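Q: Below are the structure tokens for one structure; questions will follow.
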Amino acid sequence: MRSISRPGLAIVIAAVAIAATRRPVATTAQQGSPTAQPGTRWSDEQLRQAVAPARVGRTLTPRAWPGNARVAVCLSFDVDNESYLLARGETSQTTLSAADFGAETGLARILQMLDRYQVPASFFIPAVSALLHPQMIPSILESGRHEIGVHGWIHESLPAIDNAAEEERLLTQAIEYLTKATGKRPVGYRAPSWAFSAYTLGLIRFSTTAASWPWTSPTSSCRMGNSPASSSCRSIGR
Ligand SMILES: [Zn+2]
């Protein structure tokens with residue numbers, strides 16, 4: 001977190017989510033059929049379980065921001081490039097060339113802007129994106145101000161995969177790649193398209209608390225959708 005004080009205005013800059021233009025991917029199961037309404041027959045407990053993973057939880061807003069700043073701002077960027085296209089098998093040169101622009105031109109412009117204002121930011125990178133554009137990570141790390149976080153292996157759709165073992169395989173690959181490329185294990189995570197599967201939170205919870213690497217398979221029994229506060233889910237947060 002960083003405070004910028006100006007006459008009459010103090011701004012705290014923490015991290016910011018720059019909204020991507022694509023809509024989050026959601027499966028039919030998540031959205032539900034427009035005609036089927038199973039929720040009309042759910043019990044009180046089923047209703048509570050359904051909303052539990054989406055609760056805000058305890059507030060993290062401090063009584064006062066550092067330097068008596070009036071507002072907190074968070075800057076972050078998703079460096080997707082061609083990854084989400086390749087995930088679905090897109091090989092059109094025309095389409096891929098547009099995604100290449102971000103790596104070749106867009107990222108440099110963003111980094112220059114952040115340098116100009118000496119502002120820190122977080123960059124969430126699918127590992128395949130870094131693999132195809134290996135110059136990106138060194139350029140982001142050059143200033144020493146920015147964080148690099150996990151954004152999937154190839155910007156895969158986790159709800160579409162809907163398989164704990166396969167999601168864990170891709171998450172493991174992504175963390176291993178970024179760890180080698182950056183020289184340290186990433187601690188930040190943003191789901192591709194911001195879309196969690198029923199397994200995502202359990203996998204992330206384990207990956208951020210595991211004492212050693214590589215981890216042993218933690219979570220095949222942890223389905224948030226079934227029981228968000230189940231003992232099997234809690235037990236992996238060791
Ligand atoms: Zn993304």
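What follows is calculated from the coordinates using simple rules that are stated; it is not laboratory data. Here the structure is a predicted model, which is why all the values come from computation and not from measurement. Because the Cβ atoms are built from the backbone with ideal geometry, glycine has one as well, and the counts that use them run over all protein chains shown.
Q: For F101, indicate whether it is outside any loop (DSSP other than H, G, I, E, B) and within 15 Å of the ligand (Cβ to nearest atom).
A: no
Q: Of D115, D80, which residue is in contact with a Lys or Arg (Cβ under 9 Å, 6 or more places away or on another chain) and away from the ligand (no atom under 16 Å from the Cβ)? Before the answer, list the steps.
A: Working: D80 fails: away from the ligand (no atom under 16 Å from the Cβ).
Matching residue, one of D115, D80: D115.
Q: Scan segment 131-156 residue by residue and report those that are outside any loop (DSSP other than H, G, I, E, B) and of a type in the set (V, I, T). Outline the logic, then answer.
A: Of the residues in segment 131-156, the ones outside any loop (DSSP other than H, G, I, E, B) are 131-132, 136-141, 147-150.
Scanning segment 131-156 gives I137, I140, I148, V150.
Q: Consider P159 carefully, then state whether it is assigned to a helix (DSSP H, G or I), free of Cβ contacts under 8 Å to residues at least 12 places away in the same chain and either away from the ligand (no atom under 15 Å from the Cβ) or under 29 Å from G202 (Cα atoms) (or both).
A: For P159, the condition - assigned to a helix (DSSP H, G or I), free of Cβ contacts under 8 Å to residues at least 12 places away in the same chain and either away from the ligand (no atom under 15 Å from the Cβ) or under 29 Å from G202 (Cα atoms) (or both) - is not met.
Q: Let me ask another. I'm trying to understand the selection: among the residues of segment 182-208, which are away from the ligand (no atom under 16 Å from the Cβ) and of a type in the set (S, T, N, Q)?
A: Answer for segment 182-208, where residues must be away from the ligand (no atom under 16 Å from the Cβ) and of a type in the set (S, T, N, Q): T182, S207, T208.
Q: Considering only residues that are touching a Ser or Thr at 6+ places or on another chain (Cβ under 8 Å), over 20 Å from R88 (Cβ atoms) and not β-branched (V, I, T), which ones fall in segment 153-195?
A: Once the filter is applied, which keeps residues that are touching a Ser or Thr at 6+ places or on another chain (Cβ under 8 Å), over 20 Å from R88 (Cβ atoms) and not β-branched (V, I, T), segment 153-195 yields A164, A165, E168, R185, P186, G188, Y189.
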